[in-house]
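Okay, so here's the structure we're looking at.
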Amino acid sequence: MLDLLPDLFDLYPEQLQLADPLFNDYGGKVIFSGEIITVSCFNDNSKVKELVATDGTGKVMVVDGKGSTTRALLGDMLAEQAVTNGWEAIVINGCIRDAGTIATLPLGVKALGCNPIKTEKLGVGEVNTNIYFAGIKFIPGHFIYGDANGLAVSEKVCV
């Protein structure tokens, strides 16, 4: 299967919300889906680092970096740890770094862009709170679907 969202929107048009088309694909896995786990942070990826160290089986981390492009919230080491711990994908309203390495990993990664500068680790941020960007609300426990066509969310599983 090369596309997921067109089929899902054909089957569940009333159940899905489509995110604004702001994101680029960086991971080696373009098609993904899973339960939403959220992080809200600004130029500090401490909470992302904590979460990739946990079991991410069947889950997608959605990170609201407030659209900042001045620091990268995900790099190759955290992405590799996410793969090791079974995360399906990481969606970032912000930037990543180490894009060449991340492209080789079996992990879905969508972000606004790239920036080679890492963040400071100050322990600042919130996990599993409702976040809003790209025209939709991301609610922990709801479901997210991604492919080359974009991102969509649903309160219930669609597949």
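The values are calculated or read from the model by the stated rules, or taken from the named source; none is laboratory data. As the structure is a prediction and not an experimental result, all values here were calculated from the model. Here the Cβ positions follow ideal geometry from the backbone for every residue, glycine too, while neighbour counts run over all protein chains shown.
Here are a few things to note about the model shown:
- Set VAL83, VAL124: member being surrounded by 15 or more Cβ atoms within 10 Å (Cβ to Cβ), among the aliphatic types (A, V, I, L, M), more than 13 Å from GLY34 (Cα to Cα) and modelled with pLDDT under 95: VAL124
- Failed item in (1) touching a residue at least 40 places away in the same chain (Cβ under 8 Å); (2) surrounded by fewer than 18 Cβ atoms within 10 Å (Cβ to Cβ), with ASP55 passing the rest: (1)
- Looking only at residues of the stretch 104-119 that are surrounded by 15 or more Cβ atoms within 10 Å (Cβ to Cβ) and part of a loop (DSSP other than H, G, I, E, B), we find that the one that is nearest to the chain's Cα centre (by Cα) is LEU107.
- Taken over the stretch 1-54, residues that are part of a loop (DSSP other than H, G, I, E, B) and of a type outside the set (A, V, I, L, M) amount to 18.
- Residue under evaluation ILE96, criteria (1) crowded, with 17+ Cβ neighbours inside 10 Å; (2) within 12 Å of LEU74 (Cα to Cα); (3) out of contact with any helix residue (DSSP H, G or I) (no Cβ under 8 Å at 6 or more places or on another chain); (4) not basic (Lys, Arg), criterion not met: (3)
- Flag for ALA89 being touching a residue at least 12 places away in the same chain (Cβ under 8 Å), under 23 Å from GLY141 (Cα atoms), of a type in the set (Gly, Ala, Ser) and crowded, with 22+ Cβ neighbours inside 10 Å: yes
- Residue match in the stretch 13-21 (condition: at pLDDT 95 or above and under 13 Å from the mean Cα position of the chain (by Cα)): yes
- Subset of the stretch 128-159 (residues that are of a type in the set (Ser, Thr, Tyr) and either within 15 Å of PRO21 (Cβ to Cβ) or part of a strand (DSSP E or B) (or both)): TYR132, TYR145, SER154
- Residue in the stretch 129-142 that is within 24 Å of MET1 (Cα to Cα) and out of contact with any helix residue (DSSP H, G or I) (no Cβ under 6 Å at 6 or more places or on another chain) present: yes
- Among the residues examined, LEU122 does not qualify as part of a strand (DSSP E or B) and farther than 30 Å from GLU14 by Cα.
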